[in-house]
Amino acid sequence: MTARAFFMPGEAGQRYCVLHSPLPGQPVRGLVLHLPAFAEEMNKSRRLVALQARALAQAGYAVLILDLLGCGDSSGDHGDAHWAAWLDDARRAAAWLRAEVAPQGAPLWLWGLRSGGLLACALAAELDAGVLLWQPVASGKQFFQQFLRLKMAGELLGGDAKGVIDGLRQALARNESIEVAGYAVAPALAQGLEAAELLPPAPGKPALWLEVSGQAEPKLSPVAQTRIERWRSAGVVLEARVVAGPSFWQTTEITDCPALIETTLQLLAACAA
């Protein structure tokens, strides 16, 4: 496999990308666009995402890891980001993959991690893509509420937690940016994230749902089971798996999950067959 870092033009600057590709001369079995997790969850996940991308490239897939507007090494600060721009970043990246890597055609997968799954599912039908979901967030509103609680937890340590979340909500309503756990969030990003739901991809397009569990007998979360049943009832072709491993997107130390990497490879191979 080969790896190449570059900047892609985008709204208000450039987007940092890393392309993991099969060796020259090796057929491209598919295209995979990674849509990252939110804020610190993205940083915690970088190592595992890179390991998965390398494994996929060795298996014949071209994988593009994208830093969205205001994230990682892309242009702007986190406070400059908004949901519509992130959707547009994904559209541009998918178009680039198709034009530059596989102009003769190859199936496209949108690989969404946590809140990145919301972006993937929002665009899957438009981009005629399958979805690969890692521990997806089902409700943007619920996820953002949990994110705001990080601020409340910090205030609790300082002895002043009263009205913290209400104060954040009021600031957003006044069209002011807020700061949570070191990340600035503009009203447009908060509104877009809260309005996002994990929509089913187009019927007939494949969907892979993978979760990680620290339980002795790993099971899908109740939220996942409910959403998966709803999708299947709507005609979505979906495979779901849960593997044993740590919650790598939120652990204190950077952790790996080999079972997740291997299961992802197996499921994609089964879809290709």
Scanning for something out of contact with any helix residue (DSSP H, G or I) (no Cβ under 6 Å at 6 or more places or on another chain), part of a helix (DSSP H, G or I) and open to solvent by 30 Å² or more (accessible area, probe 1.4 Å), does segment 112-119 turn up at least one residue?
-> no
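Answer yes or no as to whether Val242 is in contact (Cβ under 8 Å) with a residue 60 or more places away in the chain and under 16 Å from Arg114 (Cα atoms). First the steps, then the outcome.
Details: in contact (Cβ under 8 Å) with a residue 60 or more places away in the chain: no; under 16 Å from Arg114 (Cα atoms): yes.
Taking the combined requirement at face value, the residue does not satisfy it.
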Here the qualifying pairs (Cβ atoms under 6 Å; residues six or more apart or on different chains; first in segment 251-273 and within 15 Å of Leu238 (Cα to Cα); second modelled with pLDDT of 95 or more and of a type outside the set (Val, Ile, Thr)) come out as Thr263/Arg241; Leu267/Leu208; Leu267/Glu239
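Among the residues of segment 200-211, are any farther than 21 Å from Asp88 by Cβ, of a type in the set (D, E, K, R) and in contact with a strand residue (DSSP E or B) (Cβ under 6 Å, 6 or more places away or on another chain)? So that I can check it myself, show each step before the final result.
Taking segment 200-211 as the starting set, the residues that turn out to be farther than 21 Å from Asp88 by Cβ are 200, 203-211.
Among the residues that remain, those that are also of a type in the set (D, E, K, R) are: 205, 211.
Add one more test, that the residue is in contact with a strand residue (DSSP E or B) (Cβ under 6 Å, 6 or more places away or on another chain), and what stays is 205, 211.
For segment 200-211, residues farther than 21 Å from Asp88 by Cβ, of a type in the set (D, E, K, R) and in contact with a strand residue (DSSP E or B) (Cβ under 6 Å, 6 or more places away or on another chain): present.
Looking at the structure I just gave you, is Ala171 touching a residue at least 12 places away in the same chain (Cβ under 8 Å) and either in contact with a helix residue (DSSP H, G or I) (Cβ under 7 Å, 6 or more places away or on another chain) or farther than 24 Å from Leu48 by Cα (or both)? I'd like the intermediate steps shown before the answer.
Values: touching a residue at least 12 places away in the same chain (Cβ under 8 Å): no; either in contact with a helix residue (DSSP H, G or I) (Cβ under 7 Å, 6 or more places away or on another chain) or farther than 24 Å from Leu48 by Cα (or both): yes.
When the stated conditions are applied, Ala171 does not pass them.
Identify the residue in segment 13-25 that is surrounded by 13 or more Cβ atoms within 10 Å (Cβ to Cβ) and small (Gly, Ala, Ser) and, among all such residues, is nearest to Val101 (Cα to Cα).
From segment 13-25, those surrounded by 13 or more Cβ atoms within 10 Å (Cβ to Cβ) are 13-22; that's our starting set.
The next check asks that each one be small (Gly, Ala, Ser); those that pass are 13, 21.
Working: Gly13: 23, Ser21: 9 Å.
Looking at residues that are surrounded by 13 or more Cβ atoms within 10 Å (Cβ to Cβ) and small (Gly, Ala, Ser), I get Ser21.
Can you find a residue that is out of contact with any helix residue (DSSP H, G or I) (no Cβ under 8 Å at 6 or more places or on another chain), of a type in the set (Asp, Glu) and over 20 Å from Ala124 (Cα atoms) anywhere in segment 223-232? Explain how you work it out, then say what you get.
Step one: list which residues in segment 223-232 are out of contact with any helix residue (DSSP H, G or I) (no Cβ under 8 Å at 6 or more places or on another chain), which gives 223-232.
Now narrow it down to the ones that are of a type in the set (Asp, Glu): 229.
Restricting the remaining residues to those that are over 20 Å from Ala124 (Cα atoms) gives none.
Within segment 223-232, none of the residues are out of contact with any helix residue (DSSP H, G or I) (no Cβ under 8 Å at 6 or more places or on another chain), of a type in the set (Asp, Glu) and over 20 Å from Ala124 (Cα atoms).
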Within segment 201-215, how many residues are modelled with pLDDT of 85 or more and closer than 18 Å to Ala129 by Cα?
-> 7
Could you list, in sequence order, all residues of segment 180-198 that are closer than 13 Å to Glu40 by Cβ and of a type outside the set (A, V, I, L, M)?
-> Gly182, Tyr183
Would you confirm whether any residue within segment 202-221 is open to solvent by 70 Å² or more (accessible area, probe 1.4 Å), farther than 28 Å from Ala59 by Cβ and either assigned to a helix (DSSP H, G or I) or β-branched (Val, Ile, Thr) (or both)?
-> no
Being among the small types (Gly, Ala, Ser) and closer than 17 Å to Trp86 by Cα is the filter here, so list the residues in segment 190-205 that pass it.
-> Ala190, Gly192, Ala195, Ala196
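The values are calculated or read from the model by the stated rules, or taken from the named source; none is laboratory data. All values derive from a computational prediction rather than experimental measurement. In this analysis, Cβ positions are derived from the backbone assuming ideal geometry, glycine residues included, and neighbour counts consider all displayed protein chains. Side chains are part of the model used for accessible areas, which takes the heavy atoms of the whole protein and leaves out ligands, DNA and RNA. Shrake-Rupley method; radii C 1.70, N 1.55, O 1.52, S 1.80 Å.
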